Amino acid sequence: MFHVAPTIHAPARPTALPDDPRAADIRFEHVAASYGHVPALRDVTFVAKAGETTALVGASGAGKSTIFSVLTRLLDASSGEILMGGVPSTKLDLADLRQLFSVVTQDAPMFDESLRHNIVLATPDVTEERVSAAVDAAHLRDFVAGSPEGLETPAGPRGTGLSGGQRQRVAIARALLRDAPVLLLDEATSALDAESEAHVQEALDRLASERTTLVIAHRLSTIRKA
């Protein structure tokens, strides 16, 4: 075992969250970040308006996913500032900051547990009615109904018992249940075929209409409403 000192530190006296996080703009002001000595972001400035969808586009390796990392403080910016409703993100308690986000990525994390466990991971006390609604909205119902064990079907180590599209649908159902003020989508429908993407994109559009959304995508269908 190795002892590694944490590089992300919570403030000693954190500032309270904005009164209504759903009404808070997200502002990047001249943000730079790097992985070790390798620059990942340089002088990034933009505003994601509250309640609107902002698309992040660019070539692979341009730093789009790094924007999500510094926003959620998995990586700290080396310079510049990120403001949540006017409050610097580094002045917010880490747990308070991270509870603002639901994240769906192109490689959705899964545990060697049941579908149900993976869906309710962030909301263990959620009602069965809401779980069922999230399964329907994420277009998982056919898969669940066709599996003898239903929602108790094992996902396998790191979700290897599921296809890429099924893993992303589970992640989308998880995000629907979490119902956080800010939605981060990183190629969220990349593993779906065209028909499935259309159905799931409809569910994501409904989810995004009620919150601030940042989208990373290469397919225009994913960012058509940004």
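The values are calculated or read from the model by the stated rules, or taken from the named source; none is laboratory data. On a predicted model such as this, the values are computed, not experimentally measured, just so you know. Positions of Cβ are backbone-derived with ideal geometry, glycine not excepted, and every protein chain shown enters the neighbour counts.
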**Report entry** Flag if residue 143 is in a loop (DSSP other than H, G, I, E, B) and at pLDDT 90 or above
**Finding:** no
Requested in this report: Sort through 180, 191, 203 and tell me the only one that's within 22 Å of residue 116 (Cβ to Cβ) and at pLDDT below 70.
Outcome: 191
**Report entry** Which numbered condition residue 67 fails, given (1) under 27 Å from residue 173 (Cα atoms); (2) part of a loop (DSSP other than H, G, I, E, B)
**Finding:** (2)
**Report entry** Scan of region 146-172 for residues that are of a type outside the set (A, V, I, L, M, F, W, C), assigned to a loop (DSSP other than H, G, I, E, B) and under 19 Å from residue 131 (Cα atoms), ordered by number
**Finding:** 147, 148, 149, 153
Report task. Give me the pairs, please: first residue somewhere in region 194-218 and touching a residue at least 24 places away in the same chain (Cβ under 8 Å) and in a helix (DSSP H, G or I), second residue anywhere and polar (S, T, N, Q) and surrounded by 13 or more Cβ atoms within 10 Å (Cβ to Cβ), beta-carbon distance under 7 Å, and either six or more positions apart or on two chains. Result -> 197/189; 200/189; 208/53
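Residue-wise test of (1) surrounded by 14 or more Cβ atoms within 10 Å (Cβ to Cβ); (2) modelled with pLDDT of 95 or more; (3) under 28 Å from residue 165 (Cβ atoms).
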| position | (1), (2), (3) |
| --- | --- |
| 27 | yes, yes, no |
| 30 | no, yes, no |
| 39 | no, no, no |
| 51 | yes, no, no |
| 56 | yes, no, yes |
| 60 | no, no, yes |
| 63 | yes, no, yes |
| 86 | no, no, no |
| 135 | yes, no, yes |
Requested in this report: Go through (1) surrounded by 15 or more Cβ atoms within 10 Å (Cβ to Cβ); (2) at pLDDT 95 or above and name the single condition residue 102 misses.
Outcome: (2)
